[in-house]
Amino acid sequence: MKKATDSYDVVVIGGGPAGSTVAALVAREGHRVLLADRETFPRFRIGESLMPATYWTFERLGVLDRLKSSHFPRKASVQFFSGSGRSSVPFYFSEVEKGDSALTWQVDRAEFDELLLDNAKESGAEILLGVNVRDVILEGGRAAGVRVELPDGDRRRIDARVVVDASGQSSVLARKFDLRTIDPKLHHSAIYSRYGGAVRDEGIDEGATLIFWTAEHKSWFWFIPLPGNVVSVGVVGPVEYLIRGRGADPQAVLDEELDRCSALQERLKPARRLEEARVIRDFSYISKRIAGDGWVLAGDAFGFLDPVYSTGVFFALTSGELAADSILQAFEKHDLSAAALGAHGDRYLAGMEAMRRLVYAYYDRDFSFPKFLQRFPDCRDALVNLLIGNVFRRPVEGLFESMAEMYDLPEPRRLQPPDEKPA
């Protein structure tokens, strides 16, 4: 960066899947886009399991051939295990989805995120790494740019017609306007690590995501196959149970919870742990609004949902794609208001809320997929569509009408009206 003040059509804060998607799609239409991230790539991220519905965003981004030729394991299904170790029948995505879009991938996020970032650069976005965005500049009540600190310590102002905050859970704008609300019933944490040499299924099931309840139904584990005979294993449970009062050693807690999960223990008997356990806190939250005058939230900067159904990357990609569409339409109309930039907000939140209702059902102690489908066998296709991520492509409301007869589901949340100014 040579000038003390630069000017772009769009500045994107954050180079994860949401930020890279926005940057690629907007830059491809001829707009000047800058993407800034405080880290350098590749960098570690959790969240390796994709949903098949990501296929359509990948197709639009033009990265399908790279993914198809990658070494990432193919994911064809999801399978759930009870606390006693009893397994559900696998939910194969091909039951309702045909063709290439019935398969997805289990990805190493360091490689995957760099692939998407490279695609944004190839699409015409300018990429700056190691750059810390200190603040979003507001002038006349609207975003006018950002203040950044460069790797050499130099601080600059960068002007922008639109600022996209895709900075993840640290969200610059959500903090600035105090927008975030935590879901009190999903106040969970995760402890996770990677293992080499675990027992994996064969054939079509080799790349399946496996979900295990522990014996006392106080926590659950994910088991995600990765390249190189590695698996990602993590336990999720309430903060009060998993973190508080258990000491300061996350590995000890992870091992204690593994002792409560016999079905997973069998798979890890021949395995060796490859890295120290890590902790993530406070999973589920959304922001009160998705856009303001001159700015948009995307990905985890707007909200995040409990990871039991692997929705994280799917929602990041989708929010980036929908935000890009709103931005492009706003440029065409010369209207950069909150209403125009957040035109996709209600639709996007409705998709998140559909998955949130399924998450609530999973945490009901009486919930089980076999029990639900025994009573409502006609709901299987709708349920598989949810596990695919088809919340924006196919109707799912009938599923929840049936599910509400057995389980307590949350009322859908709403965004603040776009003409209501943030605090």
Percent antiparallel among DSSP beta bridges confined to the chain, nearest 5, equals 70
Residues whose built amide H sits under 5 Å from the amide H of ARG134, excluding neighbours closer than 5 in sequence, are ARG147, VAL148, GLU149
For the stretch 33-134 the trypsin sites (Lys or Arg not before Pro) that pass both the DSSP coil test and the at-most-16 other-Cβ-within-10 Å test are ARG43, ARG86, LYS98
The answer for ARG45, listing residues at least 5 apart or on another chain whose modeled amide H is closer than 5 Å to its amide H, is ARG109, ALA110
Summing -39500 (n - 2.57) over every DSSP H run of at least 4 in the chain, dividing by its residue total and rounding to the nearest 500, the 222 nm mean residue ellipticity is -9000 deg cm²/dmol
Everything considered on the Cα gyration tensor (a ≥ b ≥ c; rounded for a/c under 1.5, else prolate if a/b is larger than b/c, else oblate), the stretch 303-386 must be described as prolate
The Kirkwood hydrodynamic radius of the stretch 1-64, taken as the inverse of the mean 1/r over all distinct Cα pairs, in Å, comes to 13.6
Its Cα gyration tensor gives the stretch 185-253 an equivalent ellipsoid whose semi-axes in whole Å, largest first, are 26, 14, 9
Expected vector for the stretch 368-380, Karplus 3J(HN,Hα) from phi with 6.51, -1.76, 1.60 and θ = phi - 60°, integer Hz, x for Gly and Pro, equals 8, 4, x, 5, 5, 6, 5, 7, 10, x, 6, 8, 4
Computed over the chain, the relative contact order (Cα-Cα under 8 Å, seq sep at least six) in percent reads 20
When the charge dipole of the stretch 50-144 is computed with +1 on Lys and Arg Cβ and -1 on Asp and Glu Cβ about the Cα centre, the Cα farthest towards its positive end, among LEU115, SER69, ILE137, belongs to SER69
Kirkwood calc, the stretch 256-340, C-alpha pairs only, radius in angstrom 16.2
Checked against a 23 Å limit on the C-alpha separation, the offending pairs among LYS75/LYS371; LYS176/LYS288; LYS68/LYS269; LYS75/LYS218 are LYS75/LYS371; LYS68/LYS269; LYS75/LYS218
Applied in sequence order to the stretch 221-231, the curve 6.51 cos²θ - 1.76 cosθ + 1.60 (Karplus, θ = phi - 60°) yields integer Hz couplings, x standing for Gly and Pro, of 10, 9, 9, 10, x, 10, x, x, 6, 10, 10
Scalar couplings 3J(HN,Hα) for the stretch 69-84 by Karplus 6.51 cos²θ - 1.76 cosθ + 1.60 (θ = phi - 60°), nearest whole Hz, x for Gly and Pro, are 8, 7, 8, 5, x, 7, 10, 10, 6, 10, 9, 10, 10, 6, x, 7
Per the charge dipole of the stretch 234-338 (beta-carbon charges, Lys/Arg positive, Asp/Glu negative, Cα centre), the residue among GLY320, ILE243, ILE286 reaching farthest to the positive end is ILE243
The Rg/Rh figure for the stretch 212-364, Cα atoms and Kirkwood Rh, to two decimals is 1.09
Rounded to the nearest 10, the angle in degrees between the Cα long axis of helix 17-27 and the longest principal axis of the Cα atoms of the chain comes to 40
To the nearest 20 debye, the chain has a Cα-centred charge dipole, built from +1 on Lys and Arg Cβ and -1 on Asp and Glu Cβ, of 460
In whole percents, the bins of 10 Å from zero upward hold the Cα-Cα pairs of the chain as 4, 22, 31, 26, 13, 3, 0
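Bear in mind that the values in this text are calculations on the coordinates, not laboratory data. Here the structure is a predicted model, which means the values were calculated and not measured. As a convention, Cβ positions derive from the backbone with ideal geometry for all residues, glycine included, and neighbour counts pool all protein chains shown.
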